[in-house]
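Data first, discussion second: the structure below is written as structure tokens.
The values are calculated or read from the model by the stated rules, or taken from the named source; none is laboratory data. Being a predicted model, the structure only gives us computed values, none of them experimental. Because the Cβ atoms are built from the backbone with ideal geometry, glycine has one as well, and the counts that use them run over all protein chains shown. We work out accessible area using only protein heavy atoms, side chains counted, and drop any ligands, DNA or RNA first. Shrake-Rupley method; radii C 1.70, N 1.55, O 1.52, S 1.80 Å.
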2 protein chains.
Amino acid sequence: MAGKPTVYDVAAHAGVSIATVSRVLTRPEDVRASTQERVLAAVRELRYVPSGSARGLASRRTGVLGLFLPGVDAVEDLSDPAIDADRPVEVRLDPARPGQRLGADLYFEAVLRGCELEAWRQGFSLMISVGRGRSPESLEIALSDLAGKVDGLAVIAQSAPHDVLKRIGDSIPVVYLAGQRSGDDFDHITVRNREGMRALTEHLIDAHGIRDPMYLTGPFDSPDDAERYGGFAEALEGRGINPTALPVLHGEFSRERARAVAADLIAGGRLPRALVCANDQMALGVLDALGAAGLRVPDDVIVTGFDGIDDGTRSTPRLTTVRQPMLELGRAAVRAMVARLNAPDLAPANAELPVTVLLRESCEGPLPPLP
Amino acid sequence: MAGKPTVYDVAAHAGVSIATVSRVLTRPEDVRASTQERVLAAVRELRYVPSGSARGLASRRTGVLGLFLPGVDAVEDLSDPAIDADRPVEVRLDPARPGQRLGADLYFEAVLRGCELEAWRQGFSLMISVGRGRSPESLEIALSDLAGKVDGLAVIAQSAPHDVLKRIGDSIPVVYLAGQRSGDDFDHITVRNREGMRALTEHLIDAHGIRDPMYLTGPFDSPDDAERYGGFAEALEGRGINPTALPVLHGEFSRERARAVAADLIAGGRLPRALVCANDQMALGVLDALGAAGLRVPDDVIVTGFDGIDDGTRSTPRLTTVRQPMLELGRAAVRAMVARLNAPDLAPANAELPVTVLLRESCEGPLPPLP
DNA sequence: GTGAAAGCGCTAACAC
DNA sequence: GTGTTAGCGCTTTCAC
């Protein structure tokens with residue numbers, strides 16, 4: 001018995017058949033307690049670890065779910081330059097670099113955590129893969145490779161081309177996260193971007209009398225942002241304000257860009273009473289610029305974000321925002337995959353997760369802190 | 001040909017043998033170009049996705065590496081309470097909750113990114129699993145399950161009991177990250193905790209004349225922290241200062257706890273000239289407390305951290321720290337696994353990654369920002 | 001409750 | 001360069 005032990009070794013050791021070993025490991029209740037113990041003892045003694053591949057092949061399910069994330073930009077360049085040095089410690093001054101691109105804020109970290117959590121609960125393992133700046137071909141290979149190893153695949157919007165996903169989709173269930181349906185049969189899970197931004201904007205109008213909020217958008221191709229802007233516009237229209245008359249600025253979802261944009265606004269004296277940002281990062285950038293200029297939030301300008309990232313509770317003032325349930329997004333993705341595995345013929349499902357508008361000091365002014 | 005297509009289907013469709021199909025997909029250079037095209041065409045047409053399980057079983061390598069992370073605490077309780085509500089949007093005031101435990105800062109996110117990056121480069125997929133607050137048994141099951149599905153396993157220190165790991169270790173290569181060797185044969189990858197803290201402390205003594213720094217420790221059972229404190233003590237001894245005469249405080253690696261501890265210090269008038277914290281989170285907590293008390297950093301007190309998290313560059317003042325190459329840790333883990341797979345009989349390896357002491361405003365005072 | 005036997009879909013020798 | 005043939009280590013009927 002050189003090499004790893006197999007069911008045969010365990011069976012021989014315990015004096016049973018391989019079928020019984022298999023039963024003990026998968027449906028113990030079908031086996032007499034005494035036999036069970038003998039087998040388990042053999043398993044321990046031989047340090048037997050069942051082969052996932054053999055199991056997957058025989059049972060036609062791998063017990064693994066896949067998560068495909070969009071390319072975290074430029075992560076390749078983050079390698080520490082000091083790493084090649086021979087000395088174990090380098091000491092150096094590290095002056096501030098204003099435009100510095102920090103390690104990509106893994107916006108989807110919470111989704112990943114949600115997936116892992118729910119996968120664990122459902123008895124699945126989780127495999128992850130990142131789109132990165134790959135060529136279309138290598139992206140296709142990566143996806144198809146992943147697809148061959150999992151029972152279901154969750155894909156975050158815009159991380160992979162639709163045609164490739166469709167091909168994979170008739171091999172295993174695909175769940176599409178946070179993106180619009182576009183002629184596919186996948187299960188979709190999205191977040192109430194539109195309703196969230198509408199509610200927030202309505203609050204600004206109704207409670208704070210804002211009639212000319214300025215909107216700070218993200219990238220042009222973000223469907224999330226499109227929905228958010230839609231909600232913003234709807235709120236205005238609903239209150240008799242023409243949204244097309246209001247200027248819109250572009251911040252590319254970047255804190256740095258937003259800071260610069262806001263600084264320009266301040267310099268030009270074109271600051272509105274309220275700046276509605278399509279995400280928190282940009283809102284924080286706006287706060288940076290406003291703070292640097294000595295302006296007061298919300299007294300001089302109201303600032304709001306979207307997403308509900310932690311940093312928004314550590315800024316001064318804390319950021320009013322719309323929180324997305326990112327963890328829930330991951331959990332819902334796994335649930336959807338499992339549901340689909342159990343019922344492959346159901347019609348494609350759509351789930352839209354609720355959001356929460358969190359009113360904090362950046363629009364409300366001082367709030368009494370909770371104990 | 002109902003159900004998923006297999007090699008046989010593709011072979012028949014292309015008019016070749018299954019061996020040739022396999023070759024085209026694994027070693028195309030062994031196949032005539034014209035045959036290749038025929039096969040590839042059949043693959044596309046049938047939407048063939050090779051079964052990872054069958055491949056793994058036949059070739060005895062899964063092409064998957066595993067990463068086992070420590071339990072991200074209480075992630076289970078983070079579920080958004082609003083999620084059960086029927087309405088798509090909830091609007092509510094969100095006052096500050098001082099003691100609030102925010103979403104666990106996934107300290108190991110960068111390790112994960114490094115693993116994914118390097119795994120991709122090396123042609124492997126990555127499977128992740130989290131220790132969470134599992135019972136010892138279920139932890140063992142989870143690990144052994146994972147072990148059956150991967151070619152190698154990277155484990156972050158203290159996420160799993162040593163005996164379980166040893167069992168797994170003679171089934172597949174195990175790489176142990178950021179922990180001390182303790183009678184195991186794993187490859188180990190650590191970071192120069194000791195040297196980093198020693199260099200930082202020496203700088204405080206030599207450049208700033210600090211003779212009585214106070215140390216803020218993490219949990220008792222953290223080997224990382226033990227090393228760091230060791231470096232701190234060495235630096236002092238090397239300069240003729242007796243470290244045991246200096247008080248040590250306990251902050252549990254928590255920002256909140258550190259804030260409270262520092263507040264006590266301030267209230268009691270026992271503030272030293274320098275507070276050396278075992279991690280950045282605690283150093284940030286100290287900055288919080290100092291800021292609230294109107295004290296100036298570094299004029300009144302010098303504060304230093306350890307880790308090099310992004311938030312340390314966004315605090316006021318920015319935090320002097322020792323940066324750990326977390327991304328590199330992940331990359332090194334994957335490289336170690338791959339190396340071990342290619343040479344199983346090599347002696348257990350030890351790699352210690354260099355760190356960088358980053359001197360910033362929290363000890364140096366104003367630095368001219370880089371353009 | 002347990003065993004015998006037939007695959008699951010691929011890769012890897014080995015022939016040709 | 002390509003085909004034939006054995007397995008890889010399990011799960012799963014189907015008997016008993």
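Considering the stretch B:159-222, the qualifying strands (runs of 3 or more DSSP E), each wholly inside and each with 3 or more residues that are under 22 Å from the mean Cα position of the chain (by Cα), run over B:174-177, B:187-191. Being away from chain A (no Cβ under 12 Å), part of a strand (DSSP E or B) and of a type outside the set (A, V, I, L, M) is a condition met by no residue of the stretch B:130-143. The residues of the stretch A:127-179 that are under 19 Å from B:C115 (Cβ atoms), in contact with a Ser or Thr (Cβ under 6 Å, 6 or more places away or on another chain) and not aliphatic (A, V, I, L, M) amount to a single one, A:G131.
B:R323 - would you say it is surrounded by 16 or more Cβ atoms within 10 Å (Cβ to Cβ) and modelled with pLDDT of 95 or more? No: the conditions fail for B:R323.
Restricting A:H203, A:H208 to those that are within 14 Å of A:T356 (Cα to Cα) and surrounded by fewer than 21 Cβ atoms within 10 Å (Cβ to Cβ) reduces the list to A:H203. Where helices (runs of 4 or more DSSP H) sit wholly within the stretch A:16-122, those with at least 3 residues that are within 16 Å of DNA strand C (Cβ to nearest atom), modelled with pLDDT of 95 or more and at the interface with another protein chain (Cβ under 10 Å from one of its Cβ atoms) occupy A:52-59.
Every residue, every condition in (1) in contact with a His (Cβ under 9 Å, 6 or more places away or on another chain); (2) of a type in the set (G, A, S); (3) open to solvent by 10 Å² or more (accessible area, probe 1.4 Å); (4) assigned by TED's automatic domain parsing to the domain that holds B:E118, yes or no:
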{"site": "B:A147", "(1), (2), (3), (4)": "no, yes, no, yes"}
{"site": "B:D151", "(1), (2), (3), (4)": "no, no, yes, yes"}
{"site": "B:A154", "(1), (2), (3), (4)": "no, yes, no, yes"}
{"site": "B:P161", "(1), (2), (3), (4)": "no, no, yes, yes"}
{"site": "B:K166", "(1), (2), (3), (4)": "no, no, yes, yes"}
{"site": "B:D170", "(1), (2), (3), (4)": "no, no, yes, yes"}
{"site": "B:Y176", "(1), (2), (3), (4)": "yes, no, yes, yes"}
{"site": "B:D185", "(1), (2), (3), (4)": "no, no, yes, yes"}
{"site": "B:H188", "(1), (2), (3), (4)": "no, no, no, yes"}
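Within the stretch A:253-285, being open to solvent by 40 Å² or more (accessible area, probe 1.4 Å) and touching a Leu at 6+ places or on another chain (Cβ under 6 Å) holds for A:R255, A:L271.
Where strands (runs of 3 or more DSSP E) fall wholly inside the stretch A:250-360, the ranges with 1 or more residues that are within 14 Å of chain B (Cβ to nearest Cβ) and under 28 Å from B:A292 (Cα atoms) are A:302-304, A:321-323, A:355-359.
Scanning the stretch B:20-46 for residues that are open to solvent by 40 Å² or more (accessible area, probe 1.4 Å), closer than 18 Å to A:L143 by Cα and over 38 Å from the mean Cα position of the chain (by Cα) turns up B:L40, B:R44, B:E45.
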